[in-house]
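J.: Take a look at this one; I'll ask things after.
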Amino acid sequence: MGPSQAGGESGQPLDQGSGTGESVLVSVYVQLDFSNKTWLRALSRNLTLPPASASFAPGTLTGFGLTTECDVKPDGSIHCACLSGYQWNASVCSRHHPCQATYYPRPCDCLVFSPPESGYCQLLPPVPGTLSLNTWLQMPGNTLNLTLLTSQETTNLHWFLRRSTGSPRPILLQPGTHVSLTSRQGQAVLSISNISHKWEGKYICCFEAQGFTWELYQVVRVPLQAADVAQLPDQLSVSCATSPGFQLSCCIPHTYLGYTASWSPGEGSEASLFNTPSDQCLVLSIQHCPAADTIYTCDLQSPGLTPLRVPVSVTIIQDGDTTCPEDSSAVAWNVTKAGHVAQAPCPVNRTGMVKRPCGPDGVWGPPHSSCTDTGLLALLQRAQLLWAGQGWPAEEVPQSLAQLLEQTAVVSSPSDLLALVGTMTFLAKVVSDTRIQLHRSALKALLKTTDKVLDLDAGSLWTPARAQKPSAGSDLLLAVETLASCLHPQDHPFTFHLPNVQLQTQLLRPTSPADYSVSFSTQPPLQAQIPRRTLTPLLTGNSNITITSLVLRKLDHLLPSNYGQGLGDSVYATPGLVLSISIMAGGQAFSQGEVIMDFGDRDNTLHCVFWDHHLFQGNGGWSDEGCQVQAANASANAQCICRHLTAFSILMSRRTVPENPTLDLLSQVGLGASILALLVCLGVYRLVWRVVVRNKVAYLRHTALLNVVLCLLAADTCFLGAPLLPPGPQSPLCLAAAFLCHFLYLATFFWMLAQALMLAHQLLFVFHQLSKLRVLSLMVVLGYLCPMGFAGVTLGLYLPRGQYLGEGACWLDGKGGALYTFVGPVLVIVGLNGLVLAMAMLKLLRPSLSEGPQVEKRQALLGVIKALLVLTPIFGLTWGLGLATLLEEVSVVPHYIFTILNSSQGIFILLFGCLMDKKVQEALLKRFCRAQLPSSTISLATNETHILEHSKGKSENPSYEERMT
């Protein structure tokens, strides 16, 4: 037993001048060593203090208090724990490791010593402060105030929250959107605004005072709201005939208030309670279907609080009610009453609800799913709370970025994509507000995640996600920009390349080269330069600056088509690249400076723009403010010069179809002329129809041509009026115009195909002819039902994906697959018509003796061949150029050729399909020359001769009469 060497101060010796014979109370610290655990019996004996010196008389031990208990571990270390009322002081605690890992600076009650070290705990003084709560029950939406009042000077003050569920590790509270911290002499206040049950728990205040670490706490309770209760379903329609029983569930999170749940009415049902790590659910199993509509109520009660009641409406389907039938296509949908919305739970590991409306006519509508992957949703909620003020930013941001990379593989719905982008957005806000710096591993995870997100399917994921949240692409750009510019200075320079993401960073010192330049291996190569005059003011003293250059592919196609002032309402195309450049110096971002960019050789009119995140109510838009185009000195490439850097994104914007008043006027006048020519063609047929259709071949040929005229007339009229309609899938008129144009233009080509197939049949199957009625029926099916099927399938397949309409036009989208449902059939029909024409020419040039058609039939077939021979190449060339102008970035010349040919189709049909027909010419001459008698006599004689020959042919070949019927 001896005096301590490692604890607090030992007792002071007696003053020699105090006199002799006086009784003085002396306290000393001693170390007792025992070989086993029999020390309690040893302490029961009387102990006598040894004399400290000859001047002191022997003393008697009148009191004994234990402060520290130490155990020797197998590895030789000594674990010394303080007993009640004692604690290691801060100086000793700072030099030794705790016995158990602590997640926050809590009172030091157990330390690890290495022999021959030893020590003792000190007696704690009275608590130097009090922690008060403005009210023990915090109502949702109110502000929580925790106040610490201290009588001593405090240091290292921190606030923590330990929630009732989740990790046992307390959560650090730091300034955020909900959390504010204030302090002054003798007082510290924690304020949390707009509180909810997510802020419920034990609040811990840790601080140092009088050489010790102190911990005070208060428990905060927050009542639940109706929005915190998850009921499945929230409404239900039941058919007692098919579903005599059903279940209702009511789930609430675990809270300190200890809610009890019950269902009413409860007759004829059974309730059971299920607990999960995050919540508890009360499930009501109704055994017998009620006879009438019933409202079931989930009652949640807690002592001292107003009961919370959540209703669930159950509608009973009666006999004669209109219903939607059972459907088990993807989700099992029960019989549902018309006008109601059926609900189904999400699959395993997904959170949300799947809803499907039952229309008033008993037809199911499309399902709407809000199901989100549970892992992605947890990351999003954690990032939201981190931005609000809960958590350890320097530790949790890199962890979340690494987890996001793993979760990218599970993105399968627009909700998943929005949750992922939302998580990145909140993490970027946390990094910006707390000014933490990322290391290379975290930045690599971010860039890999971004690369995969940009590769996600645009039709099934990005388009519906942008429909729900138009700023999704802009949010992704801002998040990646912010996070990429926060690389730790020690990790510069850093280069990272992926298919959709390229990053280059550089650390510039005062002795850096004159200009900063960077180039990227894109096609064509992208180069950027920052003159030294921009960097010189930043290179002051020993300060270094970091420049981050980031190129993102495909992102520009995911941004809203919003254009600021100066760019007008035109539709622009982008090169698929977005360049972001940021400059950081001294932990601050600099917004002013000049950057020169070269996007390579571009033939079209350039607009140097940047993405302004503040335009269009925060959805973002392209702006050319502060940017201009300048011809390069060393090459023919145009350069973009911009004089600002804050959140800077630069890309080239240009028009797909140049705005040309002459082209617009030519298109309108040409279409008008085409419509007029088609109307003239209809008038001609009105005059000569009875004369020109006197045999089956002629009848079928002119019937097909008449339908071509009608379809093309309607299509041109619709096409001419489509620009007057408001574009976009939200416009029913625009959708109708696009559908009609698609159907009618396809019908035009299919009737041309019907005409060609009729020609092939007449030439190949001379002795196996079909009746006129049957051939006409087949032609109608081919001419109208087939294009209707193509147009309907295209509408149903691409409209839900957002890929049906082209951008800013009432026509099929050229970027997706919708346009190919028009171009594909057109090219196939043109090819088939070409084969038929080649076969027909061979047949008519070298007819066999047995297969040669009659003279009049031969003339009719020649008329078909002549029309197809002219119209097929013209139509094929026209829409081949139309495909080029819609899909490729071409000059203005193909637009002029397409406009001329497209506007001339009606004229070509009038000339080559109608007026150049010999029978039509004869009929017109007969019609308009009737007043001239000689001509009339000649015409009648000719006609009579024709009729006699025709009758003779009929008598010689009886089977021909059957073919005419």
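J.: Could you check the stretch 418-441 and list, in sequence order, the residues that are surrounded by fewer than 19 Cβ atoms within 10 Å (Cβ to Cβ) and of a type in the set (A, V, I, L, M)?
T.: Selection gives ILE436 alone.
J.: If you go through the stretch 330-352 one residue at a time, do you hit one that is in a strand (DSSP E or B), in contact with a helix residue (DSSP H, G or I) (Cβ under 9 Å, 6 or more places away or on another chain) and not aromatic (Phe, Trp, Tyr)? Give the steps one after another, and end with the answer.
T.: Initial filter on the stretch 330-352 (in a strand (DSSP E or B)): 333, 336-337, 341-345, 350-351.
From the residues that got through so far, the ones that are in contact with a helix residue (DSSP H, G or I) (Cβ under 9 Å, 6 or more places away or on another chain) too are 350-351.
In the following step, the residues that additionally are not aromatic (Phe, Trp, Tyr) were identified as 350-351.
Yes, the stretch 330-352 has at least one match.
J.: Separate question: Collect the residues in the stretch 770-808 that are surrounded by fewer than 18 Cβ atoms within 10 Å (Cβ to Cβ) and at pLDDT below 75, keeping them in residue-number order.
T.: The answer is LEU770, GLU807, GLY808.
J.: Here are LEU477, LEU503, LEU526: which of them is closer than 23 Å to THR450 by Cβ, in contact with a strand residue (DSSP E or B) (Cβ under 7 Å, 6 or more places away or on another chain) and in the same structural domain as ASP455 (by the TED database)? Please lay out each step first, then the result.
T.: Details: LEU503 fails: in the same structural domain as ASP455 (by the TED database); LEU526 fails: in the same structural domain as ASP455 (by the TED database).
Just one listed residue meets the conditions, LEU477.
J.: Follow-up. With the structure loaded, tell me whether SER77 is polar (S, T, N, Q) and open to solvent by 50 Å² or more (accessible area, probe 1.4 Å) or whether it fails that test. Walk me through it before giving the result.
T.: Numbers: polar (S, T, N, Q): yes; open to solvent by 50 Å² or more (accessible area, probe 1.4 Å): no.
When the stated conditions are applied, SER77 does not pass them.
J.: Does THR336 qualify as being of a type in the set (Ser, Thr, Tyr) and open to solvent by 50 Å² or more (accessible area, probe 1.4 Å)?
T.: no
J.: Next question. If GLY792 passes every condition in (1) over 20 Å from PHE822 (Cα atoms); (2) without any contact (Cβ under 8 Å) to a residue 12 or more places away in the chain; (3) out of contact with any Ser or Thr (no Cβ under 9 Å at 6 or more places or on another chain) but one, which one does it miss?
T.: So GLY792 meets the others, but not (1).
J.: Filter the stretch 118-130 down to residues that are open to solvent by 70 Å² or more (accessible area, probe 1.4 Å) and touching a helix residue (DSSP H, G or I) at 6+ places or on another chain (Cβ under 7 Å), then give me how many there are.
T.: If we filter the stretch 118-130 for residues that are open to solvent by 70 Å² or more (accessible area, probe 1.4 Å), which is where we start, we get 123, 126-127, 130.
After this cut, where a residue has to be touching a helix residue (DSSP H, G or I) at 6+ places or on another chain (Cβ under 7 Å) as well, the list is none.
So the count comes out to 0.
J.: Does LYS444 satisfy the criteria of being under 13 Å from the mean Cα position of the chain (by Cα), modelled with pLDDT of 95 or more and open to solvent by 60 Å² or more (accessible area, probe 1.4 Å)?
T.: No.
One line per residue, one yes/no per condition, for (1) in contact with a helix residue (DSSP H, G or I) (Cβ under 7 Å, 6 or more places away or on another chain); (2) at pLDDT 90 or above:
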{"site": "PRO116", "(1), (2)": "no, no"}
{"site": "SER132", "(1), (2)": "no, yes"}
{"site": "ASN145", "(1), (2)": "no, yes"}
{"site": "HIS158", "(1), (2)": "no, yes"}
{"site": "SER164", "(1), (2)": "no, no"}
{"site": "GLU208", "(1), (2)": "yes, yes"}
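J.: Quick one: which strands (runs of 3 or more DSSP E) lie wholly within the stretch 618-700 and hold at least 3 residues that are of a type in the set (A, V, I, L, M, F, W, C) and at pLDDT 75 or above? Let's see the steps before the verdict.
T.: On the way: elements: 621-623, 627-631, 638-644, 648-655.
Strands (runs of 3 or more DSSP E) meeting the threshold: 638-644.
J.: For the structure I just gave you, tell me whether VAL453 is of a type in the set (Val, Ile, Thr), open to solvent by less than 20 Å² (accessible area, probe 1.4 Å) and over 21 Å from the mean Cα position of the chain (by Cα). Before you say what the answer is, go through the steps one by one.
T.: Details: of a type in the set (Val, Ile, Thr): yes; open to solvent by less than 20 Å² (accessible area, probe 1.4 Å): yes; over 21 Å from the mean Cα position of the chain (by Cα): no.
For VAL453, the condition - of a type in the set (Val, Ile, Thr), open to solvent by less than 20 Å² (accessible area, probe 1.4 Å) and over 21 Å from the mean Cα position of the chain (by Cα) - is not met.
J.: Has the stretch 497-514 got at least one residue that is out of contact with any Phe, Trp or Tyr (no Cβ under 7 Å at 6 or more places or on another chain), open to solvent by less than 10 Å² (accessible area, probe 1.4 Å), assigned to a strand (DSSP E or B) and within 18 Å of HIS557 (Cβ to Cβ)?
T.: yes
J.: Follow-up. Across the stretch 296-323, what is the number of residues that are in a strand (DSSP E or B) and not β-branched (Val, Ile, Thr)?
T.: Keep residues of the stretch 296-323 that are in a strand (DSSP E or B), which gives 296-301, 308-316, 323.
Subsequent filtering for residues that are not β-branched (Val, Ile, Thr) retains 296, 298-301, 308-309, 311, 313.
Here the count works out to 9.
J.: Filter the stretch 275-301 down to the residues that are surrounded by fewer than 12 Cβ atoms within 10 Å (Cβ to Cβ), polar (S, T, N, Q) and without any contact (Cβ under 8 Å) to a residue 40 or more places away in the chain and list them by number.
T.: Answer for the stretch 275-301, where residues must be surrounded by fewer than 12 Cβ atoms within 10 Å (Cβ to Cβ), polar (S, T, N, Q) and without any contact (Cβ under 8 Å) to a residue 40 or more places away in the chain: ASN275, THR276.
J.: Does SER415 meet the test of being of a type outside the set (Lys, Arg), open to solvent by 40 Å² or more (accessible area, probe 1.4 Å), farther than 22 Å from GLY587 by Cα and assigned to a helix (DSSP H, G or I)?
T.: On the way: of a type outside the set (Lys, Arg): yes; open to solvent by 40 Å² or more (accessible area, probe 1.4 Å): no; farther than 22 Å from GLY587 by Cα: yes; assigned to a helix (DSSP H, G or I): yes.
The answer is no for SER415.
J.: May I ask you to say which residue of GLN174, GLN185 is in contact (Cβ under 8 Å) with a residue 24 or more places away in the chain and either β-branched (Val, Ile, Thr) or outside the structural domain of TRP387 (by the TED database) (or both)?
T.: Numbers: GLN185 fails: in contact (Cβ under 8 Å) with a residue 24 or more places away in the chain.
Testing whether each residue is in contact (Cβ under 8 Å) with a residue 24 or more places away in the chain and either β-branched (Val, Ile, Thr) or outside the structural domain of TRP387 (by the TED database) (or both) leaves just GLN174.
J.: Something else about it: Scan ALA402, ALA458 and give me the residue that is over 30 Å from LEU795 (Cβ atoms) and open to solvent by 10 Å² or more (accessible area, probe 1.4 Å).
T.: Values: ALA458 fails: over 30 Å from LEU795 (Cβ atoms).
Criteria check complete, one pass: ALA402.
The values are calculated or read from the model by the stated rules, or taken from the named source; none is laboratory data. Given the structure is predicted, the values throughout are model-derived calculations rather than measurements. Ideal geometry is used to build each Cβ from the backbone, glycine not excepted, and the neighbour counts take in all protein chains shown. Each accessible area value is taken on the protein alone, full model and side chains, heavy atoms only, with ligands, DNA and RNA left out. Shrake-Rupley method; radii C 1.70, N 1.55, O 1.52, S 1.80 Å.
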